[in-house]
Amino acid sequence: MAPELRRPPLQADERTVIIGRLDLQRQILRWTCEGLSDADAHRSPIPTSPLMTITGLVSHMRWTEHMWLEVLFLCGDARRNPSFDESTDDADRRTDGRPLAELLAEYEAQCARGNEIAAEASLDDIGRHAGFHSGGANLRWMLIHLVEETGRHAGHADIVRELLDATKGHS
C-alpha cells in the first residue's frame with residue numbers, strides 16, 4: 001500500500017512550498033526503495049547502464065544534496081564529495097556493495113542537514129563557493145534545482161524498481 005505523501009499546503013509562503021516539494025520528492029525516492037532486497041537494490045535492469053541501480057541513485061542523490069548545499073552554498077570541502085572526483089566516472093553512484101539501508105540512512109541525514117541549511121539562510125543568499133560557476137546561484141535557485149534533480153531521479157528509481165520486481169511506485 002502506498003504511503004500518504006506529505007504535500008505542502010496549497011496556500012503557503014515560498015519557502016514552505018519549495019522545501020515541501022523537495023521533501024515530497026525525497027519521500028517518493030525513499031518509498032520506492034521500501035521492501036527491496038539488497039541484491040536487487042544493487043542490480044541494474046538496464047544492460048547499457050550498469051550504474052543505474054537503486055543504490056546508485058540513492059547515493060547520487062545523497063551526494064547531490066551535499067554538493068549543492070554544503071559545498072556550493074556553504075563553501076564546504078569538495079574533496080569529501082565523490083561527485084567532484086574527475087578520475088572516476090560517476091563516482092557518486094558507486095556504492096561498493098554497501099547495504100541499501102546504510103545508503104538510505106546517509107541520504108536521510110543529508111536531507112535533514114540540507115533542510116537545516118535552508119532554514120538558517122535567506123532564499124536570496126548567494127552561494128559562497130567562488131571556485132564553481134554554480135556557486136554564484138542564490139539559495140532559491142539551488143533548492144529549485146534540487147526539486148528538479150530529485151524528481152528526475154525519483155522517476156528513474158521508479159522505473160528501475162518496476163523493471164526489477166514489477167513493483168509500481170508513484171504515478
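The values are calculated or read from the model by the stated rules, or taken from the named source; none is laboratory data. Just so it is clear, the structure is predicted and the values come from calculations on it, not from any experiment. Glycine gets a Cβ as well: all are built from the backbone with ideal geometry, and neighbour counts include every protein chain shown.
Can you confirm whether region 69-86 contains a residue that is in a loop (DSSP other than H, G, I, E, B) and of a type in the set (S, T, N, Q)?
Scanning region 69-86 turns up at least one residue that is in a loop (DSSP other than H, G, I, E, B) and of a type in the set (S, T, N, Q).
Within region 1-33, can you find the residues that are without any contact (Cβ under 8 Å) to a residue 24 or more places away in the chain and of a type in the set (Asp, Glu)?
4, 13
Which residue is nearest to residue 99 (Cα to Cα), if the candidates are limited to region 27-54 and must be out of contact with any Pro (no Cβ under 6 Å at 6 or more places or on another chain), among the hydroxyl-bearing types (Ser, Thr, Tyr) and not in a helix (DSSP H, G or I)?
Within region 27-54, the match that is nearest to residue 99 (Cα to Cα) is 37.
Please enumerate the residues belonging to region 75-92 that are on the phi > 0 side of the Ramachandran plot and of a type in the set (Asp, Glu).
Hit for region 75-92 is 90, nothing else.
Report every pair of residues separated by at least 6 positions or lying on different chains whose Cβ atoms are under 8 Å apart, first residue within region 134-159 and within 15 Å of residue 118 (Cβ to Cβ) and among the charged types (D, E, K, R), second at pLDDT 95 or above and not in a helix (DSSP H, G or I).
Close Cβ pairs (under 8 Å, with a partner that is at pLDDT 95 or above and not in a helix (DSSP H, G or I)) amount to 140/123; 140/124.
Need the failing condition index for residue 53 against (1) in contact with a helix residue (DSSP H, G or I) (Cβ under 8 Å, 6 or more places away or on another chain); (2) surrounded by fewer than 20 Cβ atoms within 10 Å (Cβ to Cβ), just the number.
Tallying (1) in contact with a helix residue (DSSP H, G or I) (Cβ under 8 Å, 6 or more places away or on another chain); (2) surrounded by fewer than 20 Cβ atoms within 10 Å (Cβ to Cβ), residue 53 fails exactly one: (2).
Filter region 140-171 for residues that are hydroxyl-bearing (Ser, Thr, Tyr) and not in a helix (DSSP H, G or I); which is surrounded by the most Cβ atoms within 10 Å (Cβ to Cβ)?
So, considering only residues that are hydroxyl-bearing (Ser, Thr, Tyr) and not in a helix (DSSP H, G or I), the one surrounded by the most Cβ atoms within 10 Å (Cβ to Cβ) is 167.
Residue 85 fails exactly one of the following numbered conditions: (1) touching a residue at least 12 places away in the same chain (Cβ under 8 Å); (2) closer than 27 Å to residue 40 by Cα; (3) not polar (S, T, N, Q). What is the number of that condition?
Only one criterion in (1) touching a residue at least 12 places away in the same chain (Cβ under 8 Å); (2) closer than 27 Å to residue 40 by Cα; (3) not polar (S, T, N, Q) is unmet by residue 85, namely (1).
Are any residues in region 3-26 surrounded by 11 or more Cβ atoms within 10 Å (Cβ to Cβ) and either of a type in the set (S, T, N, Q) or in a helix (DSSP H, G or I) (or both), and if so, which ones?
Residues satisfying the conditions are 15, 16, 17, 18, 19, 20, 21, 22, 23, 24, 25, 26.
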